[in-house]
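The values are calculated or read from the model by the stated rules, or taken from the named source; none is laboratory data. The structure presented is a predicted model; accordingly, all values stated were derived computationally and were not measured. Cβ placement follows ideal geometry from the backbone for every residue including glycine, while neighbour counts extend to all protein chains displayed. To get the accessible areas, we keep the full protein, side chains included, count just its heavy atoms, and leave off ligands, DNA and RNA. Shrake-Rupley method; radii C 1.70, N 1.55, O 1.52, S 1.80 Å.
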Amino acid sequence: PRSTLFPYTTLFRSVDDLLDVSRIASGKIVLQRAPSSVSELIRSAIEAQQSAIDSARIDLTCELPESPAVIDVDPTRFVQILSNVLHNASKFTPAQGKIRVSAKTVVIDDVPRMAIAVSDTGIGISKEVLPRVFELFAQAEASTGRAHGGLGIGLALARRLVEMHGGEISAASDGPGQGTTIFINLPLCERVVKAVVPGVDMPRVAGRVVIIDDNEDAAETLSMLVQRLGGASRTAYDATSGLQAVRDFQPDA
């Protein structure tokens, strides 16, 4: 039962987070960076917290970038960041509440960046506590009377990991009972190969192509490339719909 397992899960999570804070402070964490899809990172973090969100009867909505967006991060660590933020949001949001995750490209000081926001309709944060919300062991007293566990480690760890990635994290709230929004922004990946514009000597695709890949961003990117090179394409994200697309579209490849 959740009532039996949840305290132990929370304890293990807190110990792991505290150990990570110690490793960061001693310089023992080395980021394993790789160009990573923002959409895939967000989906992985939501999947990690889905059971907790469902058991709390919270309505979760997600708004992902319309076009493929890539950031240069350690995928495991960045999922940990988002997972900690989502965990915090679900913990302080009452049943029937809402959490919204959004990601979009913004321009800050003429530099394109990826802006991720996690908003909830939870207990909110007072203006006195807000400046300290990312400090280690910082805790806010709930005005709702609802008990909230934890040691105030998750957001502190998230801040340290975001800063290691060259990003920024901040919090906003209109006060108790008004919910909270956590903002994360990071530079877009500079190492990603830009879209190829066909030239005189570029090979052309004269045929019809069906692309089947459960990584939606990868499928859409390849589809755009095929179309840029003069071909026609259809995309599918699983075997069943892929076979149907082959039957319907009759591709050359």
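Residues that are polar (S, T, N, Q) and over 10 Å from the mean Cα position of the chain (by Cα) were ranked within the stretch 32-56; the one that is nearest to LEU186 (Cα to Cα) is SER36. Going through (1) open to solvent by less than 30 Å² (accessible area, probe 1.4 Å); (2) among the polar types (S, T, N, Q); (3) at pLDDT below 90; (4) assigned to a helix (DSSP H, G or I) one by one, SER90 falls short only on (3). GLY154 meets the conditions (1) within 16 Å of the chain's Cα centre (by Cα); (2) modelled with pLDDT of 90 or more in every case but one. The failed one is (2). In the stretch 210-244, what count of residues is obtained for those that are closer than 21 Å to LEU64 by Cα, open to solvent by less than 40 Å² (accessible area, probe 1.4 Å), in a helix (DSSP H, G or I) and not hydroxyl-bearing (Ser, Thr, Tyr)? Counting residues in the stretch 210-244 that are closer than 21 Å to LEU64 by Cα, open to solvent by less than 40 Å² (accessible area, probe 1.4 Å), in a helix (DSSP H, G or I) and not hydroxyl-bearing (Ser, Thr, Tyr) gives 2.
Here is a check on your reading of the model: is ARG23 modelled with pLDDT of 90 or more, open to solvent by 60 Å² or more (accessible area, probe 1.4 Å) and not in a strand (DSSP E or B)? Considered against the rule, which asks whether it is modelled with pLDDT of 90 or more, open to solvent by 60 Å² or more (accessible area, probe 1.4 Å) and not in a strand (DSSP E or B), ARG23 comes out as no. Residues in the stretch 95-121 that are in a loop (DSSP other than H, G, I, E, B) and surrounded by 15 or more Cβ atoms within 10 Å (Cβ to Cβ): GLY97, THR121. Scanning the stretch 163-184 for residues being of a type outside the set (Ser, Thr, Tyr) and assigned to a strand (DSSP E or B) gives a total of 7. All of (1) at pLDDT below 90; (2) surrounded by fewer than 16 Cβ atoms within 10 Å (Cβ to Cβ); (3) of a type in the set (Ser, Thr, Tyr) hold for THR61 with one exception: (1). Candidates ILE46, ILE42: the one that is part of a helix (DSSP H, G or I), touching a residue at least 40 places away in the same chain (Cβ under 8 Å) and open to solvent by less than 10 Å² (accessible area, probe 1.4 Å) is ILE42.
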